[in-house]
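Below: one structure, written as structure tokens.
The values are calculated or read from the model by the stated rules, or taken from the named source; none is laboratory data. Small disclaimer: the values here were computed from a predicted structure and weren't measured. All Cβ positions, even for glycine, are placed from backbone atoms using ideal geometry, and neighbour counts span all protein chains on display. Only protein heavy atoms, including side chains, enter the accessible area calculation; ligands, DNA and RNA are left aside. Shrake-Rupley method; radii C 1.70, N 1.55, O 1.52, S 1.80 Å.
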Amino acid sequence: MPASPSTARAINDRLALRLLQQEGPLTAGQLKQLTGLSRPTVADLVDRLTASGLITVVGESGELRRGPNARLYGIVADRAHLAALDVRTEGVFVLVSDLVGRVLAEASVPIGGDTGTGPAVEQVVTAVERTAKEAGADRLHTVGIGAPGLIDPATGDLRDSGGLPAWHRRLAAALQERLPEARITVENETNLAAVAEQREGAARDRDTFVLLWLGHGVGAAVVLDGTLRRGASGGTGEIGFLPVPGTGSLPSARDCDGGFHSLAGAAAIVSLAAECGLPVPATTDGPGAAEVVRAAVAEVSRQPVPIIPPAAPPPAHRFLRALADRVAVGVASAVAVLDPGCVVLGGEVGQAGGAVLAELVAERLCRMSPLPTEVRPSSLGGTAVLRGALLTARERAQDELFAPPER
């Protein structure tokens with residue numbers, strides 16, 4: 001059954017808007033070429049979208065051409081403002097952008113470990129409001145939040161977890177109360193990092209891949225056939241609970257000690273560095289572990305790891321090889337079940353290890369698994385969660401703003 005005229009117009013409008021979002025300003029002629037629509041159809045949709053306030057003339061194409069055919073049309077960027085939050089145990093990063101994703105203002109909000117739930121939530125909400133004001137936003141259309149922990153797929157709420165501050169779970173409700181017109185979305189930080197790596201980072205050429213998050217804890221995000229998979233309870237990728245050899249115990253339903261977390265979490269990495277004779281930081285959190293890995297990579301880069309290891313390799317070499325062996329255990333488990341063809345190492349430790357750690361993990365994986373798998377370092381590093389939160393917020397806003405009017 002052919003689409004009705006109104007449905008066909010809605011489909012064409014959304015196609016044109018998506019192209020303008022992806023490609024930037026375009027002329028009517030370029031829209032005709034990219035959409036395959038007729039010239040009259042393109043002229044109608046340009047008039048319709050201009051009248052609705054979604055697009056406007058932003059310039060002309062070339063100096064030699066003048067007139068209607070040379071006009072460049074672009075999305076009205078200030079039609080909506082968006083906020084993205086990267087929520088960490090020790091604080092929050094905030095940015096505000098326009099509808100095309102241009103960052104207008106950003107802020108960092110440290111939260112001390114002894115800060116009460118109410119004061120912590122108030123600090124973050126106030127920072128969001130202040131950042132929006134600095135960006136010139138009268139109101140926020142959509143707020144995307146990336147946080148550690150499980151997200152309930154039925155409600156979209158952050159689940160209770162003994163390892164996370166209580167203010168994490170209160171934040172979304174507080175933002176909704178202070179910003180009643182905004183759409184608030186919460187997503188697991190590793191999932192958002194995977195979204196960003198797929199759209200803008202190391203997995204741009206991949207429809208199927210796994211992102212392994214290496215930071216204070218460990219986690220994974222799974223993208224299959226272009227779709228982020230969350231699982232029946234939202235727990236896809238909780239690889240920290242994966243039982244693995246070499247830990248001496250088994251994880252429990254409430255504690256991932258004894259699982260892969262005990263091999264590749266921040267505390268385990270710092271302990272491994274000490275065993276190898278490397279200087280270690282006072283803290284065993286994600287940034288502390290990343291500092292150790294970064295220093296080891298710098299040392300190895302000055303003196304590359306030999307193909308055939310000597311009887312007594314230098315401490316940095318020994319540490320990175322041992323770390324790669326540990327990481328490869330988790331990677332091999334994901335590869336055996338999912339066969340993703342590509343694994344991206346993200347999080348603070350994945351970023352610090354860069355290509356050196358990725359190559360060592362790939363070398364070890366090749367000896368553990370018959371399935372061909374690329375191991376790549378994150379190309380977005382510490383910005384991945386914020387970028388993923390912004391991309392998710394922008395997509396939700398566009399789905400609403402670009403939707404055809406109800407009839």
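Which of the numbered conditions does L360 fail, given that it passes all the others? Conditions: (1) open to solvent by less than 10 Å² (accessible area, probe 1.4 Å); (2) outside the structural domain of R88 (by the TED database).
If we test L360 against (1) open to solvent by less than 10 Å² (accessible area, probe 1.4 Å); (2) outside the structural domain of R88 (by the TED database), just (1) comes out false.
Confirm whether P153 is assigned to a loop (DSSP other than H, G, I, E, B), in contact (Cβ under 8 Å) with a residue 24 or more places away in the chain and open to solvent by 50 Å² or more (accessible area, probe 1.4 Å).
The answer is yes for P153.
What residue, among those in segment 370-407 that are modelled with pLDDT of 95 or more and over 13 Å from the mean Cα position of the chain (by Cα), is surrounded by the most Cβ atoms within 10 Å (Cβ to Cβ)?
Looking at residues that are modelled with pLDDT of 95 or more and over 13 Å from the mean Cα position of the chain (by Cα), I get V375.
List the pairs whose first member sits in segment 296-317 and is assigned by the TED database to the domain that holds A358 and modelled with pLDDT under 75, whose second member is assigned to a helix (DSSP H, G or I) and open to solvent by less than 40 Å² (accessible area, probe 1.4 Å), and whose Cβ atoms are under 6 Å apart, counting only residues at least 6 apart or on separate chains?
Once the first residue is assigned by the TED database to the domain that holds A358 and modelled with pLDDT under 75 and sits in segment 296-317, its partners that are assigned to a helix (DSSP H, G or I) and open to solvent by less than 40 Å² (accessible area, probe 1.4 Å) give V305/H317.
This table checks each residue for (1) surrounded by 12 or more Cβ atoms within 10 Å (Cβ to Cβ); (2) polar (S, T, N, Q).
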{"site": "S6", "(1), (2)": "no, yes"}
{"site": "N12", "(1), (2)": "yes, yes"}
{"site": "L17", "(1), (2)": "yes, no"}
{"site": "Q21", "(1), (2)": "yes, yes"}
{"site": "T27", "(1), (2)": "yes, yes"}
{"site": "K32", "(1), (2)": "yes, no"}
{"site": "V46", "(1), (2)": "yes, no"}
{"site": "T50", "(1), (2)": "yes, yes"}
{"site": "I55", "(1), (2)": "yes, no"}
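Identify the residue in segment 173-184 that is of a type outside the set (K, R) and either in contact with a helix residue (DSSP H, G or I) (Cβ under 8 Å, 6 or more places away or on another chain) or surrounded by 19 or more Cβ atoms within 10 Å (Cβ to Cβ) (or both) and, among all such residues, is nearest to T117 (Cα to Cα).
Looking only at segment 173-184, we keep the residues that are of a type outside the set (K, R), and these are 173-177, 179-182, 184.
The next check asks that each one be either in contact with a helix residue (DSSP H, G or I) (Cβ under 8 Å, 6 or more places away or on another chain) or surrounded by 19 or more Cβ atoms within 10 Å (Cβ to Cβ) (or both); those that pass are 174-175, 179, 182, 184.
On the way: A174: 11, L175: 14, L179: 19, A182: 23, I184: 20 Å.
In this case the residue turns out to be A174.
For every residue, the table says whether it meets (1) under 13 Å from A384 (Cα atoms); (2) in the same structural domain as E374 (by the TED database).
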site	(1), (2)
V143	no, no
P148	no, no
I151	no, no
T155	no, no
A166	no, no
E197	yes, no
D207	no, yes
V222	no, yes
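Tell me which residues, restricted to segment 277-298, are surrounded by fewer than 21 Cβ atoms within 10 Å (Cβ to Cβ) and of a type in the set (A, V, I, L, M, F, W, C).
L278, V280, A282, A295, V297, A298
Restricting to segment 106-135, what's the tally of residues that are open to solvent by 40 Å² or more (accessible area, probe 1.4 Å), in contact with a helix residue (DSSP H, G or I) (Cβ under 8 Å, 6 or more places away or on another chain) and under 23 Å from R396 (Cα atoms)?
Looking only at that region, the number is 2.
Here are R199, R204: which of them is under 14 Å from the mean Cα position of the chain (by Cα) and without any contact (Cβ under 8 Å) to a residue 24 or more places away in the chain?
Exactly one residue qualifies, and that residue is R204.
Quick check: anything in segment 247-260 of a type outside the set (V, I, T), crowded, with 21+ Cβ neighbours inside 10 Å and either touching a residue at least 40 places away in the same chain (Cβ under 8 Å) or part of a strand (DSSP E or B) (or both)?
Within segment 247-260, one or more residues are of a type outside the set (V, I, T), crowded, with 21+ Cβ neighbours inside 10 Å and either touching a residue at least 40 places away in the same chain (Cβ under 8 Å) or part of a strand (DSSP E or B) (or both).
Checking the structure you have, find out if any residue of segment 91-113 is assigned to a loop (DSSP other than H, G, I, E, B), of a type in the set (G, A, S) and farther than 19 Å from E400 by Cα.
Taking every residue of segment 91-113 in turn, at least one turns out to be assigned to a loop (DSSP other than H, G, I, E, B), of a type in the set (G, A, S) and farther than 19 Å from E400 by Cα.
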